[in-house]
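*Asks:* Take a look at the following structure, please.
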Amino acid sequence: MRKRLALAHLPTPIQRPKRLADAMGVDLYVKRDDMTAGPEAGNKIRKLEYLLAAAREEGADCVITCGGLQSNHARATALLSAGLGLRAVLYLRTADVAAGAPLEGNALLDRLAGAEVRPISPEAYRDREAVMAEAAAEIRAAGGRPYVIPEGGSNGLGALGYVRAMEEIRKQLDLGLAGGKPFDVIVHASSSGGTAAGTALGAARYGVAGEVRAMAVSDDRATLARVALQLMDDARALEPHLGAPAHLVVDDSARGPAYAVATPEQRQRIVQVARLSGLVLDPVYTGKAFAGLWDLAERGELAGKRVLFLHTGGLPGLLAQGASFADSM
Ligand SMILES: *Cc1c(COP(=O)(O)O)cnc(C)c1O
């Protein structure tokens, strides 16, 4: 077993939002991974339990990672690093490098936690791995001990966080929770691919679901499928006991106009979901994925199926986009 820091509050509940499920006509359950912690909550903390354990084991005193300006992963890394006494260096992608990061949403929490925010243009971000390797070399030359965490915490090691999440759901089902039976399909928002890879491997390993539907929010279907396959290979190289994954469907039908830009219909779904359940989704990840799930239901594709929506968090991203909801309520 890999070393892991116990950073998340586990197990997260599996709930049945009855009014919402009835309105959709879906046998719907929600795994509340938006409740993995306090302000550092969301899916990234499960990956960071492994990644930060590895950083510590290597004697690191600094972590370097990257993401969008409103990256939930960067925020979780910043807050957890503060608690562990690690310096955090964050490369955040923005079209307006000179303006820097606003004191809003995730970026506010990054700064609050004392992380060093380095804004980076979308062009430079394409070479993010080289940029972070160079930063690591500079920090090392100055006597520091850096550990680089890839975008979204998505590598083979990070993906193990979602293998373990599936083991957690298996235990919940064995206790008779959520009807006690495996799900037909798990649906979640997907961008850097680690959650999809770990969920697909773990869902099969622990008999939690036959299918995992990764709703792409940034890359197209083919690109994300390729990334997820590679991550599954990398995770299996670390944990050879993992067998074949569950059937992984990468679906980019709810991607919207661009990363972090939702359609008016998707914002409307976010409003509806809040009013029918009190669940709060965000316009970057979970709102798109859930809108896609609702579309599937309307097309009759979920009839008779037990569906688990994996709520991966993202609340600060919603709070940073409040003005875009003016016409939706
Ligand atoms: C990062 C993130 C995802 C996507 O997870 P990946 O492992 O990067 O694919 C989904 N939802 C939220 C809220 C996230 O922050």
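*Asks:* Test Glu151 against the criterion of being acidic (Asp, Glu), surrounded by fewer than 22 Cβ atoms within 10 Å (Cβ to Cβ) and modelled with pLDDT of 95 or more, and give yes or no.
*Replies:* Numbers: acidic (Asp, Glu): yes; surrounded by fewer than 22 Cβ atoms within 10 Å (Cβ to Cβ): no; modelled with pLDDT of 95 or more: yes.
No, not satisfied.
*Asks:* Same structure, new question: Among the residues of region 6-56, write down those that are in a loop (DSSP other than H, G, I, E, B), among the aliphatic types (A, V, I, L, M) and in contact (Cβ under 8 Å) with a residue 60 or more places away in the chain.
*Replies:* First, the residues of region 6-56 that are in a loop (DSSP other than H, G, I, E, B): 6-13, 16-17, 25-26, 36-43.
Remaining after also requiring among the aliphatic types (A, V, I, L, M): 6-8, 10, 26, 37, 41.
Leu7, Leu10, Val26, Ala41 - these are the residues of region 6-56 that are in a loop (DSSP other than H, G, I, E, B), among the aliphatic types (A, V, I, L, M) and in contact (Cβ under 8 Å) with a residue 60 or more places away in the chain.
*Asks:* State all residues of region 194-217 that are more than 15 Å from the ligand (Cβ to nearest atom), open to solvent by 30 Å² or more (accessible area, probe 1.4 Å) and in contact with a strand residue (DSSP E or B) (Cβ under 7 Å, 6 or more places away or on another chain); if no residue qualifies, say none. Even if it seems obvious, please write down each step before you answer.
*Replies:* Here is the first cut: in region 194-217, the ones more than 15 Å from the ligand (Cβ to nearest atom) are 204-211.
The next check asks that each one be open to solvent by 30 Å² or more (accessible area, probe 1.4 Å); those that pass are 204-207, 210-211.
Listed by number, the residues that qualify are Gly210, Glu211.
*Asks:* Residue under question is Ala124, and the condition is that it be more than 12 Å from the ligand (Cβ to nearest atom) and in the same structural domain as Ala209 (by TED's automatic domain parsing); does it hold? First the steps, then the outcome.
*Replies:* Working: more than 12 Å from the ligand (Cβ to nearest atom): yes; in the same structural domain as Ala209 (by TED's automatic domain parsing): no.
No.
Residue-wise test of (1) more than 16 Å from the ligand (Cβ to nearest atom); (2) in a helix (DSSP H, G or I); (3) open to solvent by 30 Å² or more (accessible area, probe 1.4 Å).
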{"residue": "Leu90", "(1), (2), (3)": "no, no, no"}
{"residue": "Ala101", "(1), (2), (3)": "yes, no, no"}
{"residue": "Arg140", "(1), (2), (3)": "yes, yes, yes"}
{"residue": "Arg170", "(1), (2), (3)": "yes, yes, yes"}
{"residue": "Lys181", "(1), (2), (3)": "yes, no, yes"}
{"residue": "Ser192", "(1), (2), (3)": "no, no, no"}
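*Asks:* Right, next: Restricting region 266-286 to residues that are within 16 Å of the ligand (Cβ to nearest atom) and of a type in the set (A, V, I, L, M), which is most open to solvent (accessible area, probe 1.4 Å)?
*Replies:* Restricting to residues being within 16 Å of the ligand (Cβ to nearest atom) and of a type in the set (A, V, I, L, M), the top hit is Val280.
*Asks:* Mind checking which residues of region 221-255 are aliphatic (A, V, I, L, M), more than 18 Å from Gly202 (Cβ to Cβ) and part of a loop (DSSP other than H, G, I, E, B)?
*Replies:* Answer for region 221-255, where residues must be aliphatic (A, V, I, L, M), more than 18 Å from Gly202 (Cβ to Cβ) and part of a loop (DSSP other than H, G, I, E, B): just Ala254.
The values are calculated or read from the model by the stated rules, or taken from the named source; none is laboratory data. Since the structure is predicted, the reported quantities are computational estimates derived from the model, not experimental observations. Heads up, the Cβs are rebuilt from the backbone with ideal geometry, glycines too, and the neighbour counts pull from every protein chain shown. Note: areas computed on protein heavy atoms with side chains; ligands, DNA, RNA excluded. Shrake-Rupley method; radii C 1.70, N 1.55, O 1.52, S 1.80 Å.
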